[in-house]
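Throughout, read-outs are computed from the coordinates displayed, never taken from laboratory work. All values derive from a computational prediction rather than experimental measurement. Virtual Cβ from ideal backbone geometry, glycine too; neighbours counted across all protein chains shown.
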Amino acid sequence: MKLHGMNLYGIRAIYFFELSRWFRTLVQSLASPVISTSLYFVVFGSAIGSRMNEIDGVSYGAFIVPGLIMLSLLTESIANASFGIYMPKYAGTIYEILSAPLSALEIVIGYVGAAASKSIMLGLIIAVTARIFVPFHVDHPIWALAFLILTSFTFSLFGFIIGIWATGWEKLQVVPLMIITPLTFLGGSFYSIHMLPHFWQTLSLFNPVVYLINGFRWSFYGIADVTVVASLSMTLAFMAVCLLIVWWVFRTGYRLKA
């Protein structure tokens with residue numbers, strides 16, 4: 001089936017194959033991030049949060065909810081997309097995909113769309129789980145969903161790039177563990193950057209994750225350390241860079257056709 005020249009059958013085949021792989025290990029795929037995030041809510045939201053003052057009129061437990069959802073969203077988006085494209089490379093079936101009547105755009109839509117869908121579902125499940133531990137509200141639900149979807153697709157693209165770049169299983173973990181997780185913890189997941197000394201506030205503005213977390217937090221409570229326009233602009237700029245890299249990868253065949 002084609003729509004405006006696009007092979008929808010091929011896109012659906014990749015998309016549902018990736019989703020079915022995820023559903024086969026659904027308990028493991030959901031249990032690990034949900035349990036680890038729940039522990040954060042118990043320790044930081046309940047135990048520590050009860051002893052801390054409100055931040056910009058929001059209880060500490062509620063304040064960290066958007067940051068913790070974003071922490072899971074970034075790591076899971078990257079992990080799902082990188083593993084999804086690396087497996088065909090590892091098994092040697094990538095050549096069958098490349099020789100199929102599918103364009104580069106259709107391949108990316110299939111893999112990235114599946115990874116982003118998993119992350120969106122996980123983000124919503126974690127948000128529901130958070131309500132068990134911490135009472136919170138969402139002032140701008142449409143914006144919250146928009147940031148959730150946009151961030152999932154952007155970092156799934158980033159994960160897709162990592163999966164192509166990786167030449168071994170250990171490399172799939174390097175960027176998420178050594179770069180993304182530290183940036184998320186230092187990006188205001190557990191605090192407002194306005195609580196930092198002036199030098200560290202300025203330095204934090206060079207952390208792109210600050211803009212993602214603050215845009216998402218604004219959609220919950222209408223408060224943020226940076227403007228929502230800056231958050232949206234930074235996310236779209238990072239997506240544009242990822243799209244450019246993916247275009248170059250398929251144009252040159254970098255680590256796909258070697």
Problem set entry | Stokes-Einstein translational diffusion, the range 46-85 - Kirkwood Rh over all Cα pairs, 0.890 mPa s, 25 °C, in µm²/s | 208
Seminar exercise, completed: Rounded to two decimals, the Debye log10 I(q)/I(0) of the range 133-181 (Cα scatterers, no solvent) at q = 0.21 Å⁻¹ is -0.78
Problem set entry | Relative contact order [Cα under 8 Å, 6+ residues apart], the chain, whole percent | 25
Seminar exercise, completed: Here the tail fraction of P(r) beyond 16 Å, over all Cα-Cα pairs of the range 97-157, rounds in percent to 56
Seminar exercise, completed: Per the charge dipole of the chain (beta-carbon charges, Lys/Arg positive, Asp/Glu negative, Cα centre), the residue among A146, S20, L177 reaching farthest to the positive end is S20
Exercise. Using only helices, what value at 222 nm comes out for the chain when you add -39,500 (n - 2.57) per DSSP H run of length 4 or more and divide by the total residues, to the nearest 500 deg cm²/dmol?
Worked result: -23000 deg cm²/dmol
Seminar exercise, completed: Sequence order, the range 148-160: Karplus ³J(HN,Hα) from phi using 6.51 cos²θ - 1.76 cosθ + 1.60, θ = phi - 60°, Hz rounded, Gly and Pro as x, gives 4, 5, 4, 5, 4, 5, 5, 7, 5, 4, 4, x, 4
For this session: Check the straight Cα-Cα distances from K118 and name the aspartates and glutamates below 20 Å, setting aside those fewer than 8 residues away within the same chain.
Result: E18, E76, E106
Problem set entry | Using alpha-carbon coordinates, inclination of helix 65-91 to the longest axis of the chain, degrees | 20
Exercise. So how many Å³ per residue does the convex hull of the Cα atoms of the chain work out to?
Worked result: 134
Exercise. Which is farthest toward the positive dipole end of the chain among I164, I245, P208, measuring Cα position about the Cα centre, with Cβ charges +1 (Lys, Arg) and -1 (Asp, Glu)?
Worked result: I164
Exercise. Using alpha carbons only, how many degrees (0 to 90, rounded to 10) separate the axis of helix 208-221 from the longest principal axis of the chain?
Worked result: 60
For this session: Using only the alpha carbons of the range 26-172, determine the length spanned along each of the three principal axes and report them from longest to shortest in whole angstroms.
Result: 58, 32, 24
Exercise. For the range 118-258, what is the Kirkwood hydrodynamic radius in Å, using each pair of distinct C-alpha atoms?
Worked result: 16.6
Seminar exercise, completed: Helix 104-133: inclination vs the chain longest Cα principal axis, degrees, rounded to 10, gives 30
Problem set entry | FRET efficiency, 1/(1 + (r/R0)^6) with R0 51 Å, evaluated for I48 and K257 via beta carbons | 0.50
